Amino acid sequence: MSPPAPPRPVRATPPGPPRAREFGARPPLRLDTRKLLAARLHAVKVRPYLADALFALHVVEDPSVPTMAVDAHWRCYVSPAFVARMPVEQLAGVWVHEVSHLLRDHHGRGERYARQHEEHGPGQRLRRNIAADFEINDDIYGDGLPRPHGAVLPSLLRLPSGLLMEDYLRTASMSPLAADLAWLDCGSGADGQARPWELGPDGAHGLTRQQRDAVRFRVAQGIKGRPGNAPDGWRRWADEAFHPPQPWRQLLGAAVRSAVGAPGPGDNHSYRRPSRRSASVPGVLLPSLRRTPPRVCVVIDTSGSVSDGELGSALLEVAAVTRAVGGRRDLVTVISCDAAARTAAPLCQAENIELLGGGGTDLRSGFTRALRARHRPDVIVALTDGQTPWPSAQPPCRTVVGLFPRPTGIDTDDPDYVPDLPPPWARVVTIG
Amino acid sequence: MTSSTLMSRPAETHDPELGVADTLLSLLRTTTSEPRPDEQLEALTLAVAADLPVLLWGEPGIGKTAALTQLADSLDLPLTTVIASVHEPSDFSGLPIVGDDPAVQGVPMAPPQWAVQLVRAGRGLLFLDELSTATPAVQAALLRVVLERRVGALRLPPGVRIVAAANPRASAADGWELSPPLANRFVHLYWTHDPQVVVRGLGGVWPRAELPRLQAQRLPEAVALARRAVCGFLKARPTLIHRLPSSEARRGGAWPSPRSWEAALTLLAFGTAASVSRDVLALLVRGAVGDGAGLELLAHLDRMDLPDPETLLADPAAADLPQRGDLRQATLEAVVAAVGARPRRERWEAAWTVLAGALETGTPDLLVAPATALAALRRDDWEVPETVERLTGVIGLARQAERSVGRATGKSATRRTSEAGR
């Protein structure tokens, strides 16, 4: 199943943080299980929502592991020397760190990243491990869980915290860190590449994929069920663990395409002219393929908080999708609208559409304007931040709403604040 | 997959060049196969056996057709492939034929040849390929074939099984998607390829999957288990009986409704009767009712596998606890909860025996929470049994963790202030 392990020098002692070397000459240590388990109890006590995951890990003692490492099958490999030199409270942090690799599926994501970017080999493995550690370390410590010595942070490379592993991999070269962190190794659970000490998929006490999913799902449900207990990073993870957000371009594209391609406009069969196949089968009536190009009207909310860059890219996306399904450019109209509808321009004249506005928002005027046009649109696409009243009745055409999420924390103090949600008859795609 | 009928015909040709080409081709086509478990194929086999419409989602060229060919071979069903995108709606809804006197006889809707042959054979595997690149009218006509099993005036016999295939929304040129009512009728299976299988296959060794077989003696048990699982679960989570997909990202996929729960129940029974792994069951159940509800049902199945607390309390010495830490802790907590629900002295003592037994076969940190809860259940006139002595180590461990948390919370306060200063 897994690719062959990278060649790696076999070391009797993990170099690790410097004090480790003194263990080199001695006979192998016995694992202090008690200390390790007390640390797990500590972790469960301060992070109760991770209890299921922490208890599902199976401990394997192995002196050839540099520190503590996990594999994709939820086994946790522990070096006795590492346990001996770490204080209990720091070991608790290491427990949570390792289980976070598994919960956040770093092995699957690391493998996928390696395949997409063709980055194999020990150096790339280390890079993925460091990036995965960045993703974890910037938000799991604190609140009774001290950060262990040697934990790497994005600030080492002057990177912002709070990003995902993939973001760190894309934006930063880890080479300045690689030499110092060559000892860093969280196992295949962190990057998807098998290690010599690992028991592999057929070894004892491994979890199958379904069991792994079940544990992750239980933890995510636990976090979602008790809002307020878990920090933001974990809550975000719980929301997205089984439904990773899709890129808005694809969603907006699919929404516009299916609105445009539904029966009515677009390629479809009709009996308006007989099919040319009819000539060969006398007596049989056949329809022919006719094309009715769709008319799309884009209503743009120009009331402020949305940046021109965002609006521009969303507008281009709509235009591209419409072209792709056979609409001509002159069939795409753009209306910019704040409290009143301002301009209506076909897209072909409007490479540089001037978006007027800036006052309060009332998209209803934009909808009215769109529907009053001489040729009624087949689809209305509204690009807005949603802070607007909506038409009270469903317009007589399909509606797609591209919603720019409003920055949080604006009106949350106001108890009377009710956001204007897009109506249920519109298909809503959150953009950005 | 590719059929090159012209080239592969044995060499009766007079042209020696072509004869050499034939030899080369037959060498290229000589491959062997090796047994290899294939979860996707097992799931597909069971869903087809259960006579539920399956929709395979997969990128073009990924081997959906090859999988169907293998499935048809092993089920011994003739395979009829219909590529939807090259057909017209009337090929599926029936071609209207004007007869001598339409006013008297009506206009008959003639079925296409493949449908007539399927009906004549009485059995077969109908594969509707490229559903997503067909025009909306063709798709609409096809859905009638899938759901009502009607082609024109013909009705497909029960021995015909139907599988459809579509490209995922992101890669489909015209982005067809299912409306929620249609999506609800399919079992959705996502077809992916394993790079190693492909490389090994091109090297000459293709995988051969052992397909699951239903075991006749397990059928009643399988039905009972599936009914118990689904009913027990929905009793506890009635809100999941019907839940339309709300967000744009989940449209077009599986979602829970009474209809898809019935499909899930059927699939569970088939999976149990064929003794497939939990991973295959997971693919099927999630394909029928969606990820969220499916995962919850699977978690419920896991809990059903745990030993019954009352059995453990009845014979605590013989308690056989699960190996995995989280399951073991869940079992022990269930035992304590059972004692709490009906507190009797003998039950309380039996629970201590279960805990002491757990200490011998597993790690002690799992016992801290259940032991604390059990100790709190004590009534004044109950004497502490001797077994509790054996658990003193657990209390020491709990204290050690307690001290460590104390140190950490003290330290973390100073640490945060120092970080703020930086």
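The values are calculated or read from the model by the stated rules, or taken from the named source; none is laboratory data. Just so it is clear, the model here is predicted, and its values are computed rather than measured. All Cβ positions, even for glycine, are placed from backbone atoms using ideal geometry, and neighbour counts span all protein chains on display. With ligands, DNA and RNA removed, areas are computed over all heavy atoms of the protein, side chains included. Shrake-Rupley method; radii C 1.70, N 1.55, O 1.52, S 1.80 Å.
Taken over segment B:114-171, the criterion of being assigned to a helix (DSSP H, G or I) and among the hydroxyl-bearing types (Ser, Thr, Tyr) is satisfied by B:132, B:133. Whenever a residue of segment A:102-125 is over 19 Å from residue A:77 (Cα atoms), its partners that are of a type in the set (S, T, N, Q) and open to solvent by 20 Å² or more (accessible area, probe 1.4 Å), lying with C-beta atoms within less than 9 angstrom and at least six residues away or across chains, give the pairs A:111/A:2; A:114/A:124; A:117/A:124; A:123/A:175.
For every residue, the table says whether it meets (1) small (Gly, Ala, Ser); (2) closer than 15 Å to residue A:163 by Cα; (3) buried (at least 21 other Cβ atoms within 10 Å of the Cβ).
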site	(1), (2), (3)
A:97	no, no, yes
A:106	no, yes, yes
A:118	no, no, no
A:124	no, no, no
A:132	yes, yes, yes
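Scan segment B:181-204 for residues that are surrounded by 15 or more Cβ atoms within 10 Å (Cβ to Cβ) and either away from chain A (no Cβ under 14 Å) or modelled with pLDDT under 80 (or both) and the total you get is 9.
Scan segment A:199-238 for residues that are within 11 Å of chain B (Cβ to nearest Cβ) and open to solvent by 70 Å² or more (accessible area, probe 1.4 Å) and jot them down. Within segment A:199-238, A:205, A:209, A:224 qualify.
Going residue by residue through segment B:283-291, is there one that turns out to be crowded, with 22+ Cβ neighbours inside 10 Å, among the β-branched types (Val, Ile, Thr), within 13 Å of chain A (Cβ to nearest Cβ) and in a helix (DSSP H, G or I)? Scanning segment B:283-291, I find at least one residue that is crowded, with 22+ Cβ neighbours inside 10 Å, among the β-branched types (Val, Ile, Thr), within 13 Å of chain A (Cβ to nearest Cβ) and in a helix (DSSP H, G or I), so the answer is yes.
Checking segment B:227-237 against the condition returns a match, with at least one residue being in a loop (DSSP other than H, G, I, E, B), modelled with pLDDT under 90 and out of contact with any Asp or Glu (no Cβ under 6 Å at 6 or more places or on another chain).
Here is a yes/no grid of residues against (1) in a loop (DSSP other than H, G, I, E, B); (2) without any contact (Cβ under 8 Å) to a residue 60 or more places away in the chain; (3) in contact with a Gly (Cβ under 9 Å, 6 or more places away or on another chain):
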position: B:239; (1), (2), (3): no, yes, no
position: B:255; (1), (2), (3): yes, no, yes
position: B:272; (1), (2), (3): no, yes, no
position: B:276; (1), (2), (3): yes, no, no
position: B:295; (1), (2), (3): no, yes, no
position: B:310; (1), (2), (3): no, yes, no
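Screening B:67, B:50, B:72 for residues that are in contact (Cβ under 8 Å) with a residue 60 or more places away in the chain, over 14 Å from residue B:207 (Cα atoms) and of a type in the set (Gly, Ala, Ser) leaves exactly one candidate, B:50. Quick check on residue A:87: is it open to solvent by 10 Å² or more (accessible area, probe 1.4 Å) and within 14 Å of another protein chain (Cβ to nearest Cβ)? For residue A:87, the condition - open to solvent by 10 Å² or more (accessible area, probe 1.4 Å) and within 14 Å of another protein chain (Cβ to nearest Cβ) - is met.
Filtering segment A:31-78 to residues that are open to solvent by 10 Å² or more (accessible area, probe 1.4 Å) and assigned to a helix (DSSP H, G or I) leaves A:33, A:34, A:35, A:41, A:44, A:45, A:46, A:48, A:49, A:51, A:52. Would you mind telling me which numbered condition in (1) open to solvent by 10 Å² or more (accessible area, probe 1.4 Å); (2) modelled with pLDDT under 85; (3) out of contact with any Gly (no Cβ under 9 Å at 6 or more places or on another chain) residue B:149 fails? The one condition residue B:149 does not meet is (2).
Only one of the numbered conditions (1) at pLDDT 90 or above; (2) within 11 Å of chain A (Cβ to nearest Cβ) is violated by residue B:363, and that is (1). Within segment B:81-110, restricting attention to residues that are charged (D, E, K, R) and touching a residue at least 12 places away in the same chain (Cβ under 8 Å), the residue that is farthest from the other protein chains (Cβ to nearest Cβ) is B:91.
Determine whether residue B:76 is modelled with pLDDT under 85 and out of contact with any strand residue (DSSP E or B) (no Cβ under 7 Å at 6 or more places or on another chain). Talk me through it step by step, then tell me what you get.
Numbers: modelled with pLDDT under 85: no; out of contact with any strand residue (DSSP E or B) (no Cβ under 7 Å at 6 or more places or on another chain): yes.
In short, no.
Annotation note: Cβ proximity below 7 Å between a residue of segment B:391-412 that is at the interface with chain A (Cβ under 7 Å from one of its Cβ atoms) and a residue that is outside any helix (DSSP H, G or I) and surrounded by 18 or more Cβ atoms within 10 Å (Cβ to Cβ) (sequence gap 6+ or interchain) occurs for B:405/A:144; B:408/A:144; B:408/A:145; B:408/A:146; B:409/A:144; B:411/A:146; B:412/A:144; B:412/A:146. Part of a loop (DSSP other than H, G, I, E, B), on the phi < 0 side of the Ramachandran plot, more than 27 Å from the chain's Cα centre (by Cα) and within 14 Å of chain A (Cβ to nearest Cβ): does that describe residue B:332? For residue B:332, the condition - part of a loop (DSSP other than H, G, I, E, B), on the phi < 0 side of the Ramachandran plot, more than 27 Å from the chain's Cα centre (by Cα) and within 14 Å of chain A (Cβ to nearest Cβ) - is not met. The set of residues in segment B:312-325 that are assigned to a helix (DSSP H, G or I) and either among the basic types (Lys, Arg) or within 17 Å of residue A:204 (Cβ to Cβ) (or both) contains only B:325.
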